[in-house]
Amino acid sequence: MERPQRVAVGSILTECNQFGGKLIERDEFARSQLARGEAVMSIEGGAVGGMLHTLKEQNASTVPLVVASAYPGGPIAQDCYAQLKADLLEDLAAALPVDGVLLALHGAAVTTEIDDVEGDLLAAVRALVGPDVPVVGTLDLHANITTQMIRHADGLVAWETYPHVDPFTTGVRGARLLLGTLTGDYKPAMAMAKVPILTSAINASTVGDGPFADVMRLAKSFEELPGVLSTSALHAHATIDVPELGGGGLVITDNDEKQAAGLADRIANLMWEKRFALEPDTLTPEEAVEAGLKIPGGPVILIECADCVGGGAAGDSVATLPALMDLREGFAIVPVVDPEAAALCHGAGAGSTVTVTLGHKIDPQWGSPQTLTGVVTSLSDGRFQYTGGIWAGEWATMGPTAVLECGSAQILITTYGTYEWRDEQFRALDMDIAGAKFIVAKNPMNYSQTYREIAKGEFVLDTPGATPPTLRHFTYHKAPRPYFPVATEIPNFTPMLLRGSR
């Protein structure tokens, strides 16, 4: 009887921001997801869950490695990454020989010393398993593909949706590509065509009409062609500053690098054509509130994407709060991360009147704290469960959390920043979403899943922060020049091509 294929499965996954946010330490992984050995085998959601499900379905034998994921933040502390990498490689070395390796990665991770975490990890895995063992990685749609990643992976497949509803099925796709390579059914040939577009994710939905939705539809249509194994359209995470920064098209064919390169180039060229539509229109908080008050009913969504924890910002901005403290109609819901203020509210107790100095303590470069007095209306340990997305079904914690009512603002004060998927954080404190006049959503896209059908209006805010609605004002030192939107036209432009046949 033929033995089952032995496939190693591991992950080091987070998204980093080099313009702000909090350094990602090991505690951040432990608070989100950090598993090893048999604990990995119980993972059901996300890309790893999809991988495990498929390997079991196909009667392959899974060798669990370290699985570590953390909410986005600043760079990963070098010693943290070094230890996670060492643990993963130790598990892999102990399991050798293996027939293949599956890695759930992001594609926009950096450390305080390394610009390309995914490329570094893939190179280390390749050095350990040798040139003939297939290595396949899954990536976020906001991955930045590098030469090193292409060189050391046999295949890279990215999430297809934004908002991200398909990490699990992308894990399935990655596992099927690996297993097909092991059986000899596939001989992957990979190519990436890159464009120098550095824009926020606000207009980069894959749902409905829109510039990036058009790009994704073109990319996925190519999967109907003979010999095409996988296509990905990448909208690179633009708040890292690295030498090969940019998005575009990634295509894997069955042993036809010329076809892969040609199709990737077509995806990238369409993305370049759509570049102007990727830049959003914005209002100041005061302008947005005044416009929202002219709209009957609510909620009106104020999109403060500049303080997006899911993009690596600290979540501690109070830039929008002054415009919402004295509304002439209704109330506003505003989230902010401030462990000091949360502790003060818990110390005072529910029903107490407290004076707090709120905001801009974790990443103070973007604004100044505000001193205000309000009533503590609710307290919680901050636990909540994700209803979908990257951490579908996983329990998470905001840490000690309070709702502080100040004038017409109901402020959700948390100890930790957490990724906003839907409205789980607000619902954990029984906040009245439907009754609010304004809701501040600190993310560029996920808010739409909860509010798009009930919102009476939505406005993108122009506020300071590490994840702003436009990147035109950021100064890059390593990213290739010229780049859009600083340069709107590039004479004789052609996408940069990276090839990856092995």
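The values are calculated or read from the model by the stated rules, or taken from the named source; none is laboratory data. Model, not experiment: these values are computed from the prediction. Cβ placement follows ideal geometry from the backbone for every residue including glycine, while neighbour counts extend to all protein chains displayed.
Looking only at the stretch 294-306, decide whether some residue is under 17 Å from CYS406 (Cα atoms) and outside any strand (DSSP E or B).
First, the residues of the stretch 294-306 that are under 17 Å from CYS406 (Cα atoms): none.
The answer is no, given that none of the residues of the stretch 294-306 is under 17 Å from CYS406 (Cα atoms) and outside any strand (DSSP E or B).
Hey, could you check the stretch 313-323 for residues that are in contact with a Gly (Cβ under 7 Å, 6 or more places away or on another chain) and of a type in the set (Gly, Ala, Ser) and say which is surrounded by the fewest Cβ atoms within 10 Å (Cβ to Cβ)?
Looking only at the stretch 313-323, we keep the residues that are in contact with a Gly (Cβ under 7 Å, 6 or more places away or on another chain), and these are 313-319.
Add one more test, that the residue is of a type in the set (Gly, Ala, Ser), and what stays is 313-315, 317, 319.
On the way: ALA313: 33, ALA314: 29, GLY315: 29, SER317: 28, ALA319: 23.
Only one residue fits best here, namely ALA319.
Please indicate, with yes or no, whether at least one residue in the stretch 262-270 is in the same structural domain as SER200 (by TED's automatic domain parsing), among the small types (Gly, Ala, Ser), surrounded by fewer than 24 Cβ atoms within 10 Å (Cβ to Cβ) and closer than 30 Å to HIS106 by Cα. Yes; the residues of the stretch 262-270 include at least one that is in the same structural domain as SER200 (by TED's automatic domain parsing), among the small types (Gly, Ala, Ser), surrounded by fewer than 24 Cβ atoms within 10 Å (Cβ to Cβ) and closer than 30 Å to HIS106 by Cα.
Return yes when THR169 is in a helix (DSSP H, G or I) and either assigned by TED's automatic domain parsing to the domain that holds ASN446 or surrounded by fewer than 21 Cβ atoms within 10 Å (Cβ to Cβ) (or both) and no when it is not.
Values: in a helix (DSSP H, G or I): yes; either assigned by TED's automatic domain parsing to the domain that holds ASN446 or surrounded by fewer than 21 Cβ atoms within 10 Å (Cβ to Cβ) (or both): yes.
When the stated conditions are applied, THR169 passes them.
Could you pull out the residue among GLU453, GLU424 that is within 22 Å of the chain's Cα centre (by Cα) and surrounded by fewer than 21 Cβ atoms within 10 Å (Cβ to Cβ)? Give the steps one after another, and end with the answer.
On the way: GLU453 fails: within 22 Å of the chain's Cα centre (by Cα).
Selected residue: GLU424, the only one of GLU453, GLU424 that is within 22 Å of the chain's Cα centre (by Cα) and surrounded by fewer than 21 Cβ atoms within 10 Å (Cβ to Cβ).
When each of ASP140, ASP120, ASP99 is tested for being charged (D, E, K, R) and touching a His at 6+ places or on another chain (Cβ under 6 Å), the lone residue that passes is ASP140.
Can you pull out the residues in the stretch 40-49 that are in contact (Cβ under 8 Å) with a residue 12 or more places away in the chain, assigned to a helix (DSSP H, G or I) and over 18 Å from the mean Cα position of the chain (by Cα)? Once the filter is applied, which keeps residues that are in contact (Cβ under 8 Å) with a residue 12 or more places away in the chain, assigned to a helix (DSSP H, G or I) and over 18 Å from the mean Cα position of the chain (by Cα), the stretch 40-49 yields VAL40, MET41. Counting only strands (runs of 3 or more DSSP E) that sit wholly inside the stretch 398-502, those with at least 2 residues that are farther than 30 Å from PRO131 by Cα and modelled with pLDDT of 95 or more are 401-406, 409-414, 438-441, 457-460. The set of residues in the stretch 345-360 that are in a loop (DSSP other than H, G, I, E, B) and surrounded by fewer than 21 Cβ atoms within 10 Å (Cβ to Cβ) comprises GLY349, ALA350, GLY351, SER352.
Going through ALA77, ALA94 one at a time, which residue ends up being hydrophobic (A, V, I, L, M, F, W, C), surrounded by fewer than 17 Cβ atoms within 10 Å (Cβ to Cβ) and farther than 23 Å from ARG173 by Cα?
Only one candidate qualifies: ALA94.
Table: residues versus (1) among the small types (Gly, Ala, Ser); (2) in a helix (DSSP H, G or I); (3) within 30 Å of ILE43 (Cβ to Cβ).
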{"position": "ALA314", "(1), (2), (3)": "yes, no, yes"}
{"position": "ALA323", "(1), (2), (3)": "yes, yes, no"}
{"position": "ALA343", "(1), (2), (3)": "yes, yes, no"}
{"position": "ILE362", "(1), (2), (3)": "no, no, yes"}
{"position": "THR373", "(1), (2), (3)": "no, no, no"}
{"position": "SER378", "(1), (2), (3)": "yes, no, no"}
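For the stretch 399-429, a residue qualifies if it is without any contact (Cβ under 8 Å) to a residue 40 or more places away in the chain and aliphatic (A, V, I, L, M), and exactly one does: VAL403.
Scan the stretch 232-278 for residues that are part of a loop (DSSP other than H, G, I, E, B) and not β-branched (Val, Ile, Thr) and jot them down.
HIS235, ALA236, HIS237, ALA238, ASP241, PRO243, GLU244, LEU245, GLY246, ASN255, ASP256, LYS274
Can you find, within the stretch 124-165, the residue that is surrounded by the fewest Cβ atoms within 10 Å (Cβ to Cβ) among those that are of a type in the set (Ser, Thr, Tyr) and closer than 16 Å to THR206 by Cβ?
Quick first cut of the stretch 124-165, residues of a type in the set (Ser, Thr, Tyr) only: 138, 146-147, 161-162.
The next check asks that each one be closer than 16 Å to THR206 by Cβ; those that pass are 161-162.
Numbers: THR161: 16, TYR162: 23.
For the stretch 124-165, the residue satisfying everything is THR161.
For the stretch 61-72, a tally of residues being buried (at least 22 other Cβ atoms within 10 Å of the Cβ) and either hydroxyl-bearing (Ser, Thr, Tyr) or assigned to a loop (DSSP other than H, G, I, E, B) (or both) returns 4. Of GLY310, GLY292, all but one fail to be under 23 Å from ASN443 (Cα atoms), within 23 Å of the chain's Cα centre (by Cα) and surrounded by 20 or more Cβ atoms within 10 Å (Cβ to Cβ); the exception is GLY310. Contact map, the stretch 166-178: first residue free of Cβ contacts under 8 Å to residues at least 60 places away in the same chain and within 18 Å of THR206 (Cβ to Cβ), second residue surrounded by fewer than 24 Cβ atoms within 10 Å (Cβ to Cβ) and not small (Gly, Ala, Ser), Cβ cut-off under 8 Å, separation 6 or more or different chains; pairs are ASP166/GLU160. Count of the stretch 203-231 residues, restricted to those that are within 23 Å of GLU458 (Cβ to Cβ), of a type outside the set (Gly, Ala, Ser), in a loop (DSSP other than H, G, I, E, B) and modelled with pLDDT of 95 or more, is 2. Taking the listed residues ARG31, ARG6, ARG26, ARG36, the one that is touching an Asp or Glu at 6+ places or on another chain (Cβ under 6 Å) and touching a residue at least 24 places away in the same chain (Cβ under 8 Å) is ARG6, with no other qualifying. When the stretch 27-60 is filtered for residues that are of a type in the set (Ser, Thr, Tyr) and buried (at least 18 other Cβ atoms within 10 Å of the Cβ), the ones remaining, listed by number, are SER32, THR54.
Sort out which residues of the stretch 86-117 are part of a helix (DSSP H, G or I) and in contact (Cβ under 8 Å) with a residue 60 or more places away in the chain, and write them in order of number.
Start the filter on the stretch 86-117 by keeping residues that are part of a helix (DSSP H, G or I), which leaves 86-95, 117.
Within the stretch 86-117, LEU88, ASP91, LEU92, ALA95, VAL117 meet the criteria.
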